[in-house]
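Take a look at the structure below.
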2 protein chains.
Amino acid sequence: MRRGSAMAERNRTVRLARRPIGAVTRDDFIIADEARPVPGDNEIVVRVRYLSIDPAMRGWMNEGKSYVPPVALGDVMRALAVGEVVASNHDGFSPGDAVTGLFGVQRYAVSDGRDVERVDTERASLPCWIGGLGMPGMTAYFGLTDVGRPKKGETVVVSAASGAVGSLVGQIAKILGCRAVGIAGGEEKCRYLTEELGFDAAVDYKAGRLQADLVAATPDGIDVYFENVGGVILEAVLDRMNAFGRIPVCGLISVYNATEPQPGPHNLRSILVNRLKMQGFIVFDYRDRYREGVEALLNWHETGLLKFREDVRPGGVDAYPDMLNLLFSGGNFGKLVLEI
Amino acid sequence: MRRGSAMAERNRTVRLARRPIGAVTRDDFIIADEARPVPGDNEIVVRVRYLSIDPAMRGWMNEGKSYVPPVALGDVMRALAVGEVVASNHDGFSPGDAVTGLFGVQRYAVSDGRDVERVDTERASLPCWIGGLGMPGMTAYFGLTDVGRPKKGETVVVSAASGAVGSLVGQIAKILGCRAVGIAGGEEKCRYLTEELGFDAAVDYKAGRLQADLVAATPDGIDVYFENVGGVILEAVLDRMNAFGRIPVCGLISVYNATEPQPGPHNLRSILVNRLKMQGFIVFDYRDRYREGVEALLNWHETGLLKFREDVRPGGVDAYPDMLNLLFSGGNFGKLVLEI
């Protein structure tokens, strides 16, 4: 694992220079070489190997009240990552341990070990631990089972369906005995959903027939809509919801980069008429149950029921701004991971 | 109760002539004298005394999927009412019984007794049984306690707060130990909420300072928002919701008369960030528990904790279109009831 060369390496960091307006640009960050950190008492230093590129990152850059404080100007950009411990003054970790945590967009992270978890690279590869077994996995698992609560035979629709979370949501829905329908952009992604992941149907929102195609794909209506997107897709789905349907709200990617307020759906009345439950959730609220989620997903993965797909990109920390924009443009295919 | 004159009286009915566009007009209905019905086997005839004028009526006139079928063209307009049995071939009812049911906008209704309930006019006046103890009462009680689930010390906000449902929601919130804040139109209604009904604060949405006044009235944010209105009021409230807040959606009166799609709130992201639960409900789903609701409300009413206010208007069935428009313009003050 290049430990020899890593010894001589300096740190390289991506710090937030200003609050971005709309999509991020290179100038919103300061990307620079820095001294490599040394561990203090009860601390470890981690060589970051893979960074998780997540839609939520864009929200973390904004000022204002949210479920976590914004990244402060001048701070290293917050990011989930996996890597290996290269130095340790901490009883719980040894050099060579594979670990996951909020290590940030940088080569080397120092940590007191809080919220750092050792991961088992025998059971799943390192990138899996920030993908199907990381935040996207926990998000899909708890959002669908705890908020969406699908019953056997029901129809589950998920948007951003070929993405890190969506691809798992549809597969878990199938495992639970539901009809799984994915909404994704482009023929290739849609084919992937039905041919590779076993979704019952896929709707290409870029084909210009969203409403008609959604009707055709959901002959019995929609019982659970796992919301990643918002905007016109939410509007189309609201018209297809069955009575007592559930809408776990995981993300609203269509509005994250917006510089003007985006109007909400005109047909919220469906919530009333159909007695829908629309409920936001944050994966961190399930922190105490991660072990349960990881075990469930690993078991399904090991028995071949659940496929993970990472889209690993090279470029190191310098590529971070481009990678985030790639995610928002839907240019990735599978869980977007940046190799450091 | 004018039984002598009633004997000679003909029926008078309001039938739906066409599907209204926007606010109703007189021409959307056929209002005419008809023969007075006679009861068949196991049937009763009811002389309607008071009609409940409800926002939901406007939705019942529209074509399309909803929680109840639309009123068919040519049918008597659907309405909840109270009256007295004037003829009975039914073992369960005798002439003189005070009853409530879906008797429609007409003087005389024939019924097989299904979903007709006898009411106790010793414990509460006849109009109360379509007001505080009728559909508005059940709506407020179950929507707040079962969907909103306020905990002692939390802040409950209700819109259309001086209306039939809203005025009860705020009072029940107080009884349950919450801070109750009402949003209503005009100083007089706001004074009524705080001075007569014991709300902790009231916000006059017509005063042009909705956001600032709402902030001042909810220093600890909002835990439960009982939604009757939608539109800009929902938008303002979403910005004040606390983490894990609940939004029972009872009505969206701001969109019922709309002829163009109305944009939804731009800040639905609050649902995600604050993990809100927004849930529609229909009072009829609680039919099996009405007795529990009536007993709770009657007990609070009899011990002076809960005030009912009816706005009883004269005019008979001919006044129905005007009364419905009065309701939508907010011209009533208390539960709007039409005397027949």
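The values are calculated or read from the model by the stated rules, or taken from the named source; none is laboratory data. Computed from a predicted model, the values in this text were never measured in an experiment. A quick note on method: Cβ atoms are made from the backbone with ideal geometry, for glycine too, and the neighbour counts reach across all protein chains shown.
Checking each residue in segment B:92-101 for being of a type outside the set (A, V, I, L, M) and either touching a residue at least 12 places away in the same chain (Cβ under 8 Å) or crowded, with 18+ Cβ neighbours inside 10 Å (or both) picks out B:Gly92, B:Phe93, B:Gly96, B:Asp97, B:Thr100, B:Gly101.
Here are some residues: B:Glu84, B:Glu63. Which one is within 14 Å of chain A (Cβ to nearest Cβ) and either in contact with a strand residue (DSSP E or B) (Cβ under 7 Å, 6 or more places away or on another chain) or assigned to a loop (DSSP other than H, G, I, E, B) (or both)?
On inspection, the qualifying residue turns out to be B:Glu63.
Being surrounded by fewer than 23 Cβ atoms within 10 Å (Cβ to Cβ), in contact (Cβ under 8 Å) with a residue 12 or more places away in the chain and more than 10 Å from chain B (Cβ to nearest Cβ) holds for only one residue in A:Ala201, A:Ala173, and it is A:Ala201.
Checking the conditions here, which among B:Phe333, B:Phe308 is part of a loop (DSSP other than H, G, I, E, B) and either of a type in the set (Asp, Glu) or touching a Cys at 6+ places or on another chain (Cβ under 7 Å) (or both)? Before you say what the answer is, go through the steps one by one.
Numbers: B:Phe333 fails: either of a type in the set (Asp, Glu) or touching a Cys at 6+ places or on another chain (Cβ under 7 Å) (or both).
When all the criteria are applied, what remains is B:Phe308.
Quick grid of which residues meet (1) within 14 Å of chain B (Cβ to nearest Cβ); (2) among the aromatic types (Phe, Trp, Tyr); (3) assigned to a strand (DSSP E or B); (4) under 21 Å from the mean Cα position of the chain (by Cα):
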residue	(1), (2), (3), (4)
A:Gly74	no, no, no, no
A:Val99	no, no, yes, yes
A:Ala124	no, no, no, yes
A:Pro127	no, no, no, yes
A:Pro136	no, no, no, yes
A:Val147	yes, no, no, yes
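Looking only at segment B:308-327, decide whether some residue is modelled with pLDDT under 95, surrounded by 15 or more Cβ atoms within 10 Å (Cβ to Cβ), within 11 Å of chain A (Cβ to nearest Cβ) and closer than 30 Å to B:Tyr108 by Cβ. Looking for residues that are modelled with pLDDT under 95, surrounded by 15 or more Cβ atoms within 10 Å (Cβ to Cβ), within 11 Å of chain A (Cβ to nearest Cβ) and closer than 30 Å to B:Tyr108 by Cβ, one finds none in segment B:308-327, hence no.
Rundown of residues vs (1) closer than 24 Å to B:Asp28 by Cβ; (2) in contact with a strand residue (DSSP E or B) (Cβ under 6 Å, 6 or more places away or on another chain), yes/no style:
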{"site": "B:Tyr286", "(1), (2)": "no, no"}
{"site": "B:Glu295", "(1), (2)": "no, no"}
{"site": "B:Leu306", "(1), (2)": "no, no"}
{"site": "B:Glu310", "(1), (2)": "no, yes"}
{"site": "B:Tyr320", "(1), (2)": "yes, yes"}
{"site": "B:Leu327", "(1), (2)": "yes, yes"}
{"site": "B:Gly330", "(1), (2)": "yes, no"}
{"site": "B:Phe333", "(1), (2)": "no, yes"}
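Residues in segment A:3-20: is at least one surrounded by fewer than 12 Cβ atoms within 10 Å (Cβ to Cβ), touching a Gly at 6+ places or on another chain (Cβ under 9 Å) and not polar (S, T, N, Q)? Yes, segment A:3-20 has at least one match. From the list A:Val156, A:Val119, A:Val99, the one residue that fits, being in the same structural domain as A:Gly245 (by TED's automatic domain parsing) and of a type outside the set (Ser, Thr, Tyr), is A:Val156. Of the residues making up segment B:6-38, just one is free of Cβ contacts under 8 Å to residues at least 60 places away in the same chain, of a type in the set (A, V, I, L, M, F, W, C) and within 20 Å of B:Gly64 (Cβ to Cβ), namely B:Ala17.
Scan segment B:38-65 for residues that are under 19 Å from B:Arg114 (Cα atoms) and of a type in the set (A, V, I, L, M, F, W, C) and jot them down. Answer for segment B:38-65, where residues must be under 19 Å from B:Arg114 (Cα atoms) and of a type in the set (A, V, I, L, M, F, W, C): B:Val38, B:Ile44, B:Val45, B:Val46, B:Val48, B:Leu51. Scanning segment A:39-86 for residues that are of a type in the set (Asp, Glu) and either buried (at least 20 other Cβ atoms within 10 Å of the Cβ) or at pLDDT 95 or above (or both) yields A:Asp41, A:Glu43, A:Asp54, A:Asp75, A:Glu84. With respect to A:Ala109, is the statement that it is out of contact with any helix residue (DSSP H, G or I) (no Cβ under 9 Å at 6 or more places or on another chain), closer than 27 Å to A:Pro321 by Cβ and outside any helix (DSSP H, G or I) true? So A:Ala109 fits the description; yes. Taken over segment B:40-94, the criterion of being of a type in the set (Gly, Ala, Ser) and farther than 29 Å from B:Arg309 by Cα is satisfied by B:Gly40, B:Gly64, B:Ser66, B:Ala72, B:Gly74, B:Ala87, B:Ser88, B:Gly92, B:Ser94.
Kindly check whether there is at least one residue in segment A:297-304 that is in a loop (DSSP other than H, G, I, E, B), without any contact (Cβ under 8 Å) to a residue 12 or more places away in the chain and either under 27 Å from A:Thr194 (Cβ atoms) or at the interface with chain B (Cβ under 7 Å from one of its Cβ atoms) (or both). Yes: segment A:297-304 contains one or more residues that are in a loop (DSSP other than H, G, I, E, B), without any contact (Cβ under 8 Å) to a residue 12 or more places away in the chain and either under 27 Å from A:Thr194 (Cβ atoms) or at the interface with chain B (Cβ under 7 Å from one of its Cβ atoms) (or both).
Residue-by-condition table, conditions (1) surrounded by fewer than 23 Cβ atoms within 10 Å (Cβ to Cβ); (2) polar (S, T, N, Q):
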position: B:Ser88; (1), (2): yes, yes
position: B:Glu117; (1), (2): yes, no
position: B:Ser125; (1), (2): yes, yes
position: B:Ile130; (1), (2): no, no
position: B:Gly137; (1), (2): no, no
position: B:Ala140; (1), (2): no, no
position: B:Gly148; (1), (2): no, no
position: B:Val158; (1), (2): no, no
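Yes or no, residue by residue, for (1) buried (at least 22 other Cβ atoms within 10 Å of the Cβ); (2) more than 8 Å from chain B (Cβ to nearest Cβ):
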residue: A:Ile222; (1), (2): yes, yes
residue: A:Asn228; (1), (2): yes, yes
residue: A:Ile233; (1), (2): yes, yes
residue: A:Ala243; (1), (2): no, no
residue: A:Ser254; (1), (2): no, yes
residue: A:Gly264; (1), (2): yes, no
residue: A:Leu272; (1), (2): yes, no
residue: A:Arg275; (1), (2): no, no
residue: A:Asp288; (1), (2): no, yes
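The set of residues in segment B:102-113 that are of a type outside the set (S, T, N, Q) and buried (at least 21 other Cβ atoms within 10 Å of the Cβ) comprises B:Phe103, B:Gly104, B:Val105, B:Arg107, B:Tyr108, B:Ala109. Considering (1) closer than 16 Å to B:Gly221 by Cβ; (2) touching a Ser or Thr at 6+ places or on another chain (Cβ under 7 Å); (3) within 8 Å of chain A (Cβ to nearest Cβ), the lone condition that B:Cys250 does not fulfil carries the number (1). With buried (at least 21 other Cβ atoms within 10 Å of the Cβ) and of a type in the set (Asp, Glu) as the only criterion, which of A:Glu154, A:Glu187, A:Glu196 stands out? Answer to the check: A:Glu154.
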